[in-house]
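The values are calculated or read from the model by the stated rules, or taken from the named source; none is laboratory data. Predicted model only: the values in this text are computed from it and were never measured. All Cβ positions, even for glycine, are placed from backbone atoms using ideal geometry, and neighbour counts span all protein chains on display. Heavy atoms of the whole protein, side chains included, go into the accessibility calculation; ligands, DNA and RNA do not. Shrake-Rupley method; radii C 1.70, N 1.55, O 1.52, S 1.80 Å.
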Amino acid sequence: MTQARRKLPIGIQTFAEIIGEGHYYVDKTGLAHRLIEQGKYYFLSRPRRFGKSLFLDTLKELFEGNEPLFRGLDIHPHWDWTVRHPVIAISFGGGVFQTRADLDEKIRELLDDNQRRLGVVCEHPSLSGCFAELIRQAHTHTGQPAVILIDEYDKPILDNITDPDTALVMREGLKNLYSVIKDADAHLRFVFLTGVSKFSKFSLFSGLNNLEDITLDPAYSALCGYTDADVDRVFAPELDGLDRAEIRRWYNGYNWLGEAVYNPFDLLLLFQERQFRPWWFETGTPTFLVKLLARHGFFTPDLARLRTGLEILSTFDVERIAPEALLFQTGYLTIHKAEEPLLGHWIYTLGYPNHEVASSLNAALLSEYTDDPSRSFAHRLRLLDLLLANDLDGLKDLFHAFFASIPSDWYRNNPIARYEGYYASVFYSYFAAVGLDITLEDATHQGRIDMTVRFNDQVYLFEFKVVELAPEGRALQQIKDRGYAEKYRAEGQPIHLIGVEFSREGRSLVAFEVETL
């Protein structure tokens, strides 16, 4: 029997609306049941638009005992529908908070809303006192311990991340609220917090040591997002006319040590518009993140294969923001491999989750790493045309012209141009922004990179050198001396060896040598 098409739940975060109005729904209630059975206090970090708010709303309906909504879902036969818990729902998703007064006003509004909904009245004047009273009264009033669901717990901090002083003030305001939870244990049945970033327990949760972080728990890697099986099973009616392999290449690949997932927002927009575009990336270009990478002189080829430890991935704080942690927590990098060379010591290899992020992030970086965003777009179009025509002389002229076009004032005013890896970073990001199939052989030495590009039935092998660090003429010779081409000969395609050399002092490309096998 052909599966009937349903409504696409684009932007809908309300579980009752999705179920009641016949939208597609990917059933996560089995995972919800496992969480509830196995623990009490949870934290989950996921990037924006991954379905965190919908999952919390699903938990709310579940604890409130709205049985008709769950008929036919995994959890229905396993849940006691006669028990109903009071749910305290808090979300910082709405509004922008620029001062402590803004934040306190919002908290007061949220506490008032919950009092009205639960039919209780709190008399304590302080926010922390009112929150503690709300929890106690909810338990007393209903006879059942309360459930606390906090969505976008970190947004007031992230709204001000470029202003550390304000961000610290916001952190203290949130700490004042969250610190109540620990002492309310006797009145609580379940607590779940979600956000984009994981701030340290010490700085924000003030002793809430029993908060279990499931962000990197393989069992819950697919708690938010759609798996490949979800797409084939639930969205089968939408797949007709779309290249299934391209859907995977563009949008799949987000991984938190378990099963990989798609960002729901991407797929729903793809199914509606029937076009491959960077739907998720376009909703929020990471301006602050791009500037942070530039300020640190980040070697952009490292983004494709970055090794780091758990302490970097797990937390960051206002006073110390590691670019690797921010890239991972915001979804621009994901985990490709986890290794344990010594017992208890883990090494994680990060990389782009998919084509959308790789091409879009590098395009955004080019706007920061070069002087003219509109010209960088024109150069990317020209690069694609030249590769389609296999015009290597034109490719040489393009990059000579590009580096020659950057004004001296730009170099003087932008410290990123002084980093050894600047030229190779820009060169790599041009190819990555076009969305080409790139393999990096060695991205560990700044200013030099072995890069293989497969395109249009051709293989291009690039070696980069900064002439102040190595003699001129060595880039092409190194490709030949080390036999980089040998592994590609069996493919039966033309192989182009290209040595590219830059002068850091001259601020220019000084050599572009080509030899075709």
Between region 43-79 and region 360-424, what's the alpha-carbon centroid distance in Å? 47
The ratio Rg/Rh over the Cα atoms of the chain, Rh being the Kirkwood inverse mean 1/r radius, stands at 1.03
Result for the chain: accessible area per residue, probe 1.4 angstrom, in square angstrom, of 42
Which is farthest toward the positive dipole end of region 372-496 among 424, 383, 476, measuring Cα position about the Cα centre, with Cβ charges +1 (Lys, Arg) and -1 (Asp, Glu)? 424
How much length is gained if the chain between residue 210 and residue 5 is pulled fully straight, taking 0.36 nm per residue apart and subtracting their Cα-Cα distance, in nm to one decimal? 69.4 nm
From the backbone phi of region 499-513, what are the Karplus-calculated ³J(HN,Hα) couplings (6.51 cos²θ - 1.76 cosθ + 1.60, θ = phi - 60°) in whole Hz, Gly and Pro given as x? x, 10, 10, 10, 10, 5, 6, x, 6, 7, 8, 9, 8, 8, 9
Please grab the % of Cα pairs in region 381-494 that end up more than 19 Å from each other. 51
For a 18 Å ceiling on Cα separation, which of these pairs sit above it: 291/337; 60/155; 106/155? 291/337; 60/155
Okay, helix-only estimate at 222 nm for the chain: each DSSP H run of n ≥ 4 adds -39500 (n - 2.57), divide by all residues, round to 500 deg cm²/dmol; what do you get? -12000 deg cm²/dmol
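Roughly speaking, to the nearest percent, how much of the chain's 1.4 Å accessible area is carbon and sulfur?
Carbon-and-sulfur percentage of accessible area, whole number: 49.
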To the nearest 0.05, how large is the calculated FRET efficiency for residue 64 and residue 310 if R₀ is 51 Å and r is the Cβ-Cβ distance? 0.90
Which log10 I(q)/I(0) values does region 40-199 give at q = 0.14, 0.18, 0.19, 0.20 Å⁻¹ under the Debye formula, counting every alpha carbon as one identical point scatterer? -0.73, -1.15, -1.26, -1.36
Hey, with R₀ at 41 Å, roughly what FRET efficiency would residue 480 and residue 409 work out to, going by the Cβ-Cβ distance, to 0.05? 0.55
Using a simple spin-label model with points 7 Å from Cα along the Cα→Cβ vector, what separation in nm is obtained for residue 12 and residue 285? 3.2
Calculated from backbone phi, Karplus (6.51, -1.76, 1.60) coupling profile of region 275-282 in Hz, x at Gly/Pro: 9, 8, 8, x, 4, 5, 4, 5
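Quick one: net charge of residue 136's neighbours, Cβ under 15 Å, K/R +1, D/E -1?
Residues close to residue 136 contribute a combined charge of -2.
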7 Å from Cα along Cα→Cβ at both residue 510 and residue 468: what's the point-to-point distance in nm? 1.0
Looking only at region 54-68, which residues have a backbone nitrogen under 17 Å from a spot 7 Å from the Cα of residue 272 in the C-beta direction? 54
